[in-house]
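First the structure, in the form of structure tokens, and then the observations on it.
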Amino acid sequence: MSLDYNHNGSLFAVSGHSKKVLIYDEDMKSLLYEMKESNGHPGHVNRVFSLCFHKKHTNLLVSGGWDSTVQFYDVSQGKVVNSILGPQVVGDSLDLKDNLLLAGSGSNKDQIHLYDIRTFKLLETIQLDVKESYAYAAKFSKNKHNLFAVGGSNEDLYRIYDEDNKYNLVAKSKQLKSPCYSVDFSHNGNLFAYGCGDGIVRVLSL
């Protein structure tokens, strides 16, 4: 149900129904190890829907799932090093950028969470502007423009926010025909793509 590669493509992590987070070697396609619990941090107790490696802090991996926790792992140690209680992650809705963690929640309020990964403290929650909507996907932009996007359900939406301008909403979807399960930005920051349950990937110019 979830997969992500590390910064240089040498490792990838997978997880899902088993609740275990497994690390594989890309060259050999072989299992290296399972991430272990540590004192006070037992890991997930329900299925895992999102995994994300940090691009700069190369040993940092995060996961989120139905148990409403986000787990932080040190890949070099092979274990959980911290955890937070918060968003119920029900899709590919975790992303890391610099010192921030973006998390989308499958709840009907405060669906967007931003954390400082240095302190593990919640910085901000954002309520989607459509009632009874749930966040299924979340992603930071990759360039200097500090935007982030969330995709979701019910009114079948995506929303793009400006981190530098008090998290103001800067773009939103018209009514779509099916839920939005995946969002992403191009590396140059000029394009935004989103994928829906109707089997179509749409690409927009920002």
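Distance from the C-alpha centroid of the range 146-170 to that of the range 1-68: 26 Å, rounded to the whole angstrom. Using the Cβ atoms and a cut-off under 10 Å, what net charge is assigned to the surroundings of M1, where Lys and Arg are +1 and Asp and Glu are -1? Net of charged neighbours comes to 0. Amide H to amide H, with H built 1.01 Å from N, N46 comes under 5 Å of D67, counting only residues 5 or more places away or on other chains.
Structural descriptor for the range 63-125: relative contact order 22 percent, calculated from alpha carbon pairs under 8 angstrom and at least 6 residues apart. Which residue fluctuates most in the GNM of the chain (Cα springs below 10 Å): F120, F140, F148? Residue with maximal mean-square fluctuation among F120, F140, F148: F120. In percent, rounded to a whole number, the relative contact order of the range 1-104 is 22, using alpha-carbon pairs under 8 Å and six or more apart. Summing +1 for each Lys or Arg and -1 for each Asp or Glu among the other residues whose beta-carbon sits under 11 angstrom from that of K79 gives -2. One chain, two ends: K166 and K56. Fully extended at 0.36 nm per residue, the span grows by 37.1 nm beyond their Cα-Cα distance.
Comparing mean-square fluctuations of D25, D74, D164 from a GNM of the chain with C-alpha springs under 10 Å, the top value falls on D164.
Computed extension length for N146-N108: 11.1 nm, one decimal, from 0.36 nm per residue of separation with the Cα-Cα distance subtracted. Listed cross-link partners K131/K174; K56/K97; K36/K142; K79/K142 are compared with a 20 Å cut-off, the Cα-Cα value being larger for K36/K142; K79/K142.
With bins 10 Å wide beginning at 0, the percent of Cα pairs of the range 147-206 falling in each bin runs 24, 55, 20, 1. In order along the range 26-42, the Karplus-derived 3J(HN,Hα) couplings, from 6.51 cos²θ - 1.76 cosθ + 1.60 at θ = phi - 60°, round to 5, 5, 8, 6, 10, 5, 8, 6, 9, 5, 9, 6, 9, 4, x, 9, x Hz, and Gly and Pro are given as x. Phi-derived couplings, Karplus 6.51 cos²θ - 1.76 cosθ + 1.60 at θ = phi - 60°, listed residue by residue for the range 58-68: 5, 9, 8, 10, 10, 9, x, x, 5, 7, 6 Hz, with x used for Gly and Pro. Amide H contacts of K36: K79, V80, each under 5 Å away and 5 or more positions distant or on a separate chain (H built 1.01 Å from N in the peptide plane; Pro and chain starts excluded). Between V80, V170, V150, the Gaussian network model of the chain with springs among Cα atoms under 10 angstrom shows the greatest mean-square fluctuation at V170.
Net charge of the neighbourhood of C52, taken over other residues with C-beta under 12 Å away and scored Lys/Arg +1, Asp/Glu -1, is 0.
Here, each number is a calculation from the coordinates, and none is a lab measurement. Just so you know, these numbers come straight off a predicted model, no measurement behind them. Cβ atoms come from the backbone with ideal geometry, glycine included; neighbour counts cover every protein chain shown.
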